[in-house]
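These notes concern the structure reproduced below.
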Protein chains: 2
Amino acid sequence: MDTTPRELAEKNDKKIVLLVLDGLGGLPREKGGKTELETARTPNFDALAASAECGLHLPIGFGITPGSAPGHLALFGYDPLEFPIGRGVVAAMGIGFPMKPGDVAARLNFATLDAAGAISDRRAGRIPTEKCAGLCELLKAVSIKGVEVFVRPVKDYRAVVVFHGKGLSDAVADTDPQAMGVKPLDPVASDPKGERTAQAAKDFVAQARGILASQSPANGVLLRGFAELPHIPSMKDLYKLSPVAIAVYPDYKGVARLVGMEAVEDLADLDAQGKALAAAWDAHDFFFFHHKYTDSKGEDGDFDAKVKEIEKVDAFLPRILELKPDLIVVTGDHSTPAVAKAHTAHPVPFLIAGEATRADGTAKFGERACARGLWGTIPGRMLIRIALANTGKLKKFGA
Amino acid sequence: MDTTPRELAEKNDKKIVLLVLDGLGGLPREKGGKTELETARTPNFDALAASAECGLHLPIGFGITPGSAPGHLALFGYDPLEFPIGRGVVAAMGIGFPMKPGDVAARLNFATLDAAGAISDRRAGRIPTEKCAGLCELLKAVSIKGVEVFVRPVKDYRAVVVFHGKGLSDAVADTDPQAMGVKPLDPVASDPKGERTAQAAKDFVAQARGILASQSPANGVLLRGFAELPHIPSMKDLYKLSPVAIAVYPDYKGVARLVGMEAVEDLADLDAQGKALAAAWDAHDFFFFHHKYTDSKGEDGDFDAKVKEIEKVDAFLPRILELKPDLIVVTGDHSTPAVAKAHTAHPVPFLIAGEATRADGTAKFGERACARGLWGTIPGRMLIRIALANTGKLKKFGA
């Protein structure tokens, strides 16, 4: 990676807020119409936009649709193509599991298998988190020679399994066939160096099947996203920042921890996030504030509900501003247009507001207004550099 | 090259049309005036632009004037700086000659030499293609030890020569001095590894001089653009596309074949191209539709004639649209302003219209309107990624 900022970074007491509305970017519901953000009544974002530098960002690159983890990595200043992150690692980091170099983590979904061993429900009737936690307790009985296994609940039917031992590798294919009516796949090494881990995973699945045999509906497990810890320089190392994540959902705390952020635990909603932000204010200088539900509503295909989520965050904005951040970035990690019901590759609107910003007079925070903002369309990983520069956190390069 | 799309490409039945008006970009005839495209009456392009994402693209990079081959390579998604293509290869591929790795091709122009051996006409009075074909037949008599030689007619006085044998290299300088009244240059190796090929080319030129001695006006040959086949991954390999070229001129079919496109043969004009497009519709999902004469008229310095060629393609557009492509890109491979009578480095206007595009409300398809379009100015090789993403042909990156 380009580590120029590391040579130039200088600590000061200026405070930066990165407010992420997950999946913010959108599309019009009908040809010629407005996007979700353009439709939303957002007086606070609009007031900010008028005195801000606006633009669109490409989290990964032209035409590349970002997953959540790479989308956030970009916002934290990293090239997601350079630091691929497996699903297992995101899950483990999300629940604060202390993975070590050489560990291999995988996402574990509890599932329902029929008498013949075929999958009848990939989500085991969406069992509640408490049930999931109980099943994870039962799986402590699994014992594999030379490999320590940890199973931890995440949310609902979702859990994570971490393999700890010598000679492990993430070169193992998913066991989740992503289909019903077929048996789970055997864990197979995708490369010779994955053999030992594939064998351990096979043992684990077999023992889990025995332990869960009498359970209903969760009598089986599906594993996917085998992953090792990537080596990512921390935001502290690169930027001399002391960053903290204020997020409700585990996965976003997970990505934040990967780059060395602290993450506040047990936040239920915006109000709790607001309190946590105020409580963390003095001890930190970079605040990653994450709102999930813009993305969820986009994934649901619910245009109006996504509009409402945007308006909810807009109404909340004054609680952030009253803390008087020196600079605030408002953006998304990718687009999730309701009409697409999925992440898309469309560039994401952003605004950067602070003392040293050139106000571009954007009247309404929206995709097309931002396209005509001062910055045009830029790589997502550059937003943090602009924020650092505009708060005096990057020294001059050269004499 | 960045092969991220290869990992993400997913085949579906969506159809993409890339409509290239060669040399589309222009300049005003007089200060303060309009460019060719801005002058042209283009109701169909304008209607498309209003519901499209518009911008300008740089085929190679800032300040770099593209040749035809690199300009097109960029539109097909390749970095032209990474895949330099010699003129000889473009010529050979254009006529469908099956070059093999290690072969060296050069463009051969029949020329008129005076009694002293100096060039009196670099194009031999622009002899017709049939005459050219006859001369190529005569040159079959050339015999070089250890090297097979193929001479094939292209168009008018233009032909191509391919050397096949061991130890050949394209490190050989042109014999065409690009001037009149001087003798053709000897083929000289520009690097020691080109010695063997330079010697073969020298033999070839000498024998050709003997064979053509009694001919008039074509009694000599000029060679330029010695080139080996480059190693370019195909569009099928990279994007899982099944692409086809609908072009009149051989060189454009040649570049298309280099990236693994099929190319329809024997197309005389737009009408024939329209029929070929319809005929190819079911069997392919990417259609490169090329119109040459916008560039030709620009090279001629004929502003009005270039305007008319643009209007001709605009009038033809409905025949493409009635096939209901899922996405269409309209652009050029470079600029050829009539006032410059040559290719220039000016960015080239583009529009991308499809279901999942954000309409930027551009009222008139033109250079300055596109500069204010949603995309601003972007690398030409990224257009195809946007097209692929907007037709669901690239999966999400990361979890």
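The values are calculated or read from the model by the stated rules, or taken from the named source; none is laboratory data. None of the values given here were measured: they were computed from a predicted structure. Counting neighbours? That spans all protein chains shown, and the Cβs are built from the backbone with ideal geometry, glycine included.
Here is how the numbers come out for the structure above:
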{"read-out": "Qualifying residue in the stretch A:44-59 (condition: within 12 Å of another protein chain (Cβ to nearest Cβ), in a loop (DSSP other than H, G, I, E, B), buried (at least 23 other Cβ atoms within 10 Å of the Cβ) and in contact (Cβ under 8 Å) with a residue 40 or more places away in the chain)", "value": "yes"}
{"read-out": "Qualifying positions in the stretch B:96-132 - of a type in the set (A, V, I, L, M), over 20 Å from the mean Cα position of the chain (by Cα) and in a strand (DSSP E or B)", "value": "B:ALA111, B:LEU113, B:ILE119"}
{"read-out": "Within the stretch B:280-321, considering residues that are β-branched (Val, Ile, Thr) and within 11 Å of B:GLU36 (Cα to Cα), the one farthest from the chain's Cα centre (by Cα)", "value": "B:VAL307"}
{"read-out": "Exclusive hit being touching a Phe, Trp or Tyr at 6+ places or on another chain (Cβ under 9 Å) and of a type in the set (Gly, Ala, Ser), set A:SER169, A:SER214, A:SER234", "value": "A:SER169"}
{"read-out": "Candidates A:ALA369, A:ALA356, filtered to the one that is assigned to a loop (DSSP other than H, G, I, E, B) and more than 9 Å from chain B (Cβ to nearest Cβ)", "value": "A:ALA356"}
{"read-out": "Test: residue in the stretch A:149-157 that is assigned to a loop (DSSP other than H, G, I, E, B), in the same structural domain as A:THR112 (by TED's automatic domain parsing) and under 13 Å from A:ALA208 (Cβ atoms)", "value": "no"}
{"read-out": "Selection count where residues are part of a loop (DSSP other than H, G, I, E, B) and closer than 21 Å to B:LYS341 by Cα, scope the stretch B:62-95", "value": "6"}
{"read-out": "Condition met for A:GLU82 (more than 15 Å from A:GLY225 (Cα to Cα) and within 14 Å of another protein chain (Cβ to nearest Cβ))", "value": "yes"}
{"read-out": "Test result for A:LEU37, surrounded by 24 or more Cβ atoms within 10 Å (Cβ to Cβ), over 17 Å from the mean Cα position of the chain (by Cα), within 14 Å of another protein chain (Cβ to nearest Cβ) and in a helix (DSSP H, G or I)", "value": "yes"}
{"read-out": "Checking A:PRO98 against (1) out of contact with any Leu (no Cβ under 8 Å at 6 or more places or on another chain); (2) within 14 Å of chain B (Cβ to nearest Cβ); (3) closer than 28 Å to A:ILE384 by Cβ, the condition it does not meet", "value": "(2)"}
{"read-out": "Identity of the residue in the stretch B:1-34, in contact with a Ser or Thr (Cβ under 7 Å, 6 or more places away or on another chain) and among the charged types (D, E, K, R), that ends up nearest to the other protein chains (Cβ to nearest Cβ)", "value": "B:LYS14"}
{"read-out": "Residues of the stretch A:130-153 that turn out to be touching a strand residue (DSSP E or B) at 6+ places or on another chain (Cβ under 6 Å) and either farther than 21 Å from A:PRO250 by Cα or at pLDDT below 95 (or both), as a count", "value": "5"}
{"read-out": "Among (1) within 14 Å of chain A (Cβ to nearest Cβ); (2) closer than 23 Å to B:ALA263 by Cβ - the single one B:LYS292 does not satisfy", "value": "(1)"}
{"read-out": "Leading residue by the ranking (farthest from the chain's Cα centre (by Cα)) among those in the stretch A:331-348 that are within 11 Å of chain B (Cβ to nearest Cβ) and not in a loop (DSSP other than H, G, I, E, B)", "value": "A:THR344"}
{"read-out": "Helices (runs of 4 or more DSSP H) enclosed by the stretch B:192-275 - at least 1 residues per element that are out of contact with any helix residue (DSSP H, G or I) (no Cβ under 6 Å at 6 or more places or on another chain), under 19 Å from B:VAL154 (Cβ atoms) and touching a residue at least 12 places away in the same chain (Cβ under 8 Å)", "value": "B:195-212, B:250-258"}
{"read-out": "Residue within the stretch A:213-233 that is small (Gly, Ala, Ser), within 14 Å of chain B (Cβ to nearest Cβ) and under 26 Å from A:PRO80 (Cβ atoms) present", "value": "yes"}
{"read-out": "Some residue of the stretch B:372-391 being hydroxyl-bearing (Ser, Thr, Tyr), within 9 Å of another protein chain (Cβ to nearest Cβ), touching a Leu at 6+ places or on another chain (Cβ under 7 Å) and under 14 Å from B:PRO59 (Cα atoms)", "value": "yes"}
{"read-out": "Considering residues of the stretch A:94-120 that are modelled with pLDDT of 95 or more and among the charged types (D, E, K, R) only, the residue nearest to A:LEU223 (Cα to Cα)", "value": "A:ARG107"}
{"read-out": "Residue selected from the stretch A:178-191 under the condition closer than 16 Å to A:ARG87 by Cβ and touching a residue at least 24 places away in the same chain (Cβ under 8 Å), by the criterion surrounded by the most Cβ atoms within 10 Å (Cβ to Cβ)", "value": "A:PRO187"}
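The rows are residues; the columns are (1) surrounded by fewer than 19 Cβ atoms within 10 Å (Cβ to Cβ); (2) modelled with pLDDT under 95; (3) at negative phi.
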| position | (1), (2), (3) |
| --- | --- |
| B:LYS308 | yes, no, yes |
| B:ALA315 | yes, no, yes |
| B:ARG319 | yes, no, yes |
| B:THR357 | no, yes, yes |
| B:THR362 | no, yes, yes |
| B:GLU367 | no, no, yes |
| B:GLY380 | no, no, yes |
| B:LEU383 | no, no, yes |
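To keep it simple, each residue is scored yes or no on (1) at pLDDT 95 or above; (2) of a type outside the set (S, T, N, Q).
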{"site": "B:ASP266", "(1), (2)": "no, yes"}
{"site": "B:LYS341", "(1), (2)": "yes, yes"}
{"site": "B:THR344", "(1), (2)": "yes, no"}
{"site": "B:VAL348", "(1), (2)": "yes, yes"}
